[in-house]
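Note sheet for the following structure.
The values are calculated or read from the model by the stated rules, or taken from the named source; none is laboratory data. Worth saying up front: this structure is predicted, and the values here are computed from it rather than measured. Note that each Cβ is placed from the backbone with ideal geometry, even for glycine, and that neighbours are counted across all protein chains shown. Side chains are part of the model used for accessible areas, which takes the heavy atoms of the whole protein and leaves out ligands, DNA and RNA. Shrake-Rupley method; radii C 1.70, N 1.55, O 1.52, S 1.80 Å.
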Amino acid sequence: MERICVYCGSSPGHDPAYRRAAREMGEALLDRDLGLVFGGGSVGLMGTVADTVLDGGGDVVGVIPEALEAKEVAHGGVTELQVVDSMHERKQRMVEHSDGFIALPGGLGTLEELFEVLTWAQLGIHEKPCGVLNAGGFYDGLVSHLDGAAEEGFVSPAHRDLAQVDTDPAALLDAFETYEPPTEPKVGPEDT
C-alpha cells in the first residue's frame, strides 16, 4: 500500500473526539509512510487529517470539484491538488489514487463515498480494503444497520465484512495489511 483515501466531514463536528481521530489517522498514516488521498478541502476534519500528514512531511493528494473549490476552501498546501469537473470525477480519481479507503465521521457525502467503494468491492470492481473509523461511537448506528442487513439476509456475511470497523486508526491499518477480498460470488440473492 502506498496511499489511503480518507473520507470525512468538511465540518469538525461537535465532539472533540472527531478532530482527535482525524489527527490520529494522519499520524497512523505517517507512521507507516502512507500517503493521504482526500477531498481536497482545508476545513473541518478534511483539513485536520491533511494538515497532520503535511506537518509530518507526508504526501497528500487532494481532489476537489470546481464547484466546491470555494465552499470547502481548497487546501493550498497539499502535495498535489486536482480540481475536477464533477463529484463523479472526484470519486473516480480518489479511487484510482488509493490502495484502501477509510471513513471518519462526516455527513451525507462521506456516507455516499463510503457506500460507493463498498458496493464496488462487493461487485468486484476493486479489491481494496474499506474501513470505518468509529470515533466517539459516531458509526454505532451504521454498524448496527449493516449487521442487521446481514442478519436479515440482505447482505451476505462476507460482504458485510467488507466494511472493517475499529476505533483505532493503527488497528484499522493493520487489518488492511492482511486484507483478502471475499472469494464467494460477487453478488448473490441476499445482496440485491
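Below, the figures for the structure above:
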quantity	calculated
Selection from region 110-149 of residues that are at pLDDT 95 or above, among the aliphatic types (A, V, I, L, M) and surrounded by fewer than 17 Cβ atoms within 10 Å (Cβ to Cβ)	LEU111, VAL143, ALA149
Considering residues of region 150-174 that are part of a helix (DSSP H, G or I) and more than 28 Å from HIS14 (Cβ to Cβ) only, the residue most open to solvent (accessible area, probe 1.4 Å)	GLU151
Meets criteria (under 21 Å from GLY9 (Cβ atoms), touching a Pro at 6+ places or on another chain (Cβ under 9 Å), assigned to a helix (DSSP H, G or I) and not charged (D, E, K, R)) for GLY136	yes
Residue among THR52, THR48 that is buried (at least 21 other Cβ atoms within 10 Å of the Cβ), in contact with a Gly (Cβ under 6 Å, 6 or more places away or on another chain) and modelled with pLDDT of 95 or more	THR52
Every residue from region 118-145 that is in contact with a Leu (Cβ under 6 Å, 6 or more places away or on another chain) and among the aliphatic types (A, V, I, L, M)	LEU118, ALA121, LEU133
Some residue of region 29-41 being part of a loop (DSSP other than H, G, I, E, B), over 27 Å from GLY136 (Cα atoms) and touching a residue at least 60 places away in the same chain (Cβ under 8 Å)	no
The one condition in (1) in contact with a Gly (Cβ under 9 Å, 6 or more places away or on another chain); (2) free of Cβ contacts under 8 Å to residues at least 40 places away in the same chain that GLY136 fails to fulfil	(2)
Count of region 18-28 residues which are over 18 Å from PHE138 (Cα atoms) and surrounded by fewer than 20 Cβ atoms within 10 Å (Cβ to Cβ)	1
Selection count where residues are under 24 Å from GLY124 (Cα atoms), open to solvent by less than 70 Å² (accessible area, probe 1.4 Å) and not hydrophobic (A, V, I, L, M, F, W, C), scope region 94-106	4
Selection count where residues are assigned to a loop (DSSP other than H, G, I, E, B) and under 16 Å from LEU172 (Cα atoms), scope region 92-122	5
Test set (1) closer than 19 Å to VAL132 by Cβ; (2) touching a strand residue (DSSP E or B) at 6+ places or on another chain (Cβ under 9 Å); (3) open to solvent by less than 60 Å² (accessible area, probe 1.4 Å); (4) not in a loop (DSSP other than H, G, I, E, B) - VAL63 fails condition number	(1)
